[in-house]
1. Scanning segment 9-51 for residues that are touching a residue at least 60 places away in the same chain (Cβ under 8 Å) and within 14 Å of THR83 (Cβ to Cβ), which turns out most open to solvent (accessible area, probe 1.4 Å)?
2. Within segment 52-86, take every residue that is part of a strand (DSSP E or B) and without any contact (Cβ under 8 Å) to a residue 12 or more places away in the chain and give me the one that is farthest from the chain's Cα centre (by Cα).
3. So, of the residues in segment 52-96 that are more than 15 Å from ILE5 (Cα to Cα) and touching a Gly at 6+ places or on another chain (Cβ under 6 Å), which turns out to be least open to solvent (accessible area, probe 1.4 Å)?
4. Collect the residues in segment 1-30 that are assigned to a strand (DSSP E or B) and of a type in the set (A, V, I, L, M), keeping them in residue-number order.
Amino acid sequence: MGFIIKPLISEKMNNETEKRARYGFIVRPEANKLQIKAEVEAKFNVNVVAVNTCNYAGKNKSRYTRAGLIKGRTNAFKKAIVTLREGDAIDFYSNI
């Protein structure tokens, strides 16, 4: 286990959660859909209907500063969108 890194909390994902009971997670790149489904069901005690995944490549970034040009790269990651059964929900803010 341990394929889920963190939940994806953004304005777009919150709108998707309210409309269709879909939740987003950042997962490890080697995780497949069956492993993600099993971990979400075990960790949050819900029933998963579908899992969609998407790989994001890191992008090159640069900026100009007083010291000159600084180049860097953003991290690559894998995102999983999990659809839950009607009536199930995950509360990310329960332990705050």
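The values are calculated or read from the model by the stated rules, or taken from the named source; none is laboratory data. What you see is a predicted model, and the numbers here were worked out from it, not measured in a lab. For neighbour counting, all protein chains shown are included, and Cβ atoms are generated from backbone atoms with ideal geometry for every residue, glycine included. Areas reflect the complete protein model, heavy atoms only, side chains present, ligands, DNA and RNA absent. Shrake-Rupley method; radii C 1.70, N 1.55, O 1.52, S 1.80 Å.
1. Restricting attention to segment 9-51, the residues satisfying the condition of being touching a residue at least 60 places away in the same chain (Cβ under 8 Å) are 9, 16, 20-23.
Of the ones still in play, those that are also within 14 Å of THR83 (Cβ to Cβ) are 16, 20-23.
On the way: GLU16: 41, ARG20: 139, ALA21: 25, ARG22: 47, TYR23: 18 Å².
Here the answer is ARG20.
2. Our first condition is that a residue be part of a strand (DSSP E or B); within segment 52-86, this holds for 52-56, 60-65, 68-73, 77-84.
Narrowing further to those that are without any contact (Cβ under 8 Å) to a residue 12 or more places away in the chain: 62-65, 68-71.
Details: SER62: 26, ARG63: 28, TYR64: 31, THR65: 33, GLY68: 35, LEU69: 32, ILE70: 29, LYS71: 27 Å.
Ranking the qualifying residues of segment 52-86, first place goes to GLY68.
3. Per the stated criteria, the residue is THR74.
4. As a first pass, look at segment 1-30 and keep what is assigned to a strand (DSSP E or B): 4-8, 22-27.
Listed by number, the residues that qualify are ILE4, ILE5, LEU8, ILE26, VAL27.
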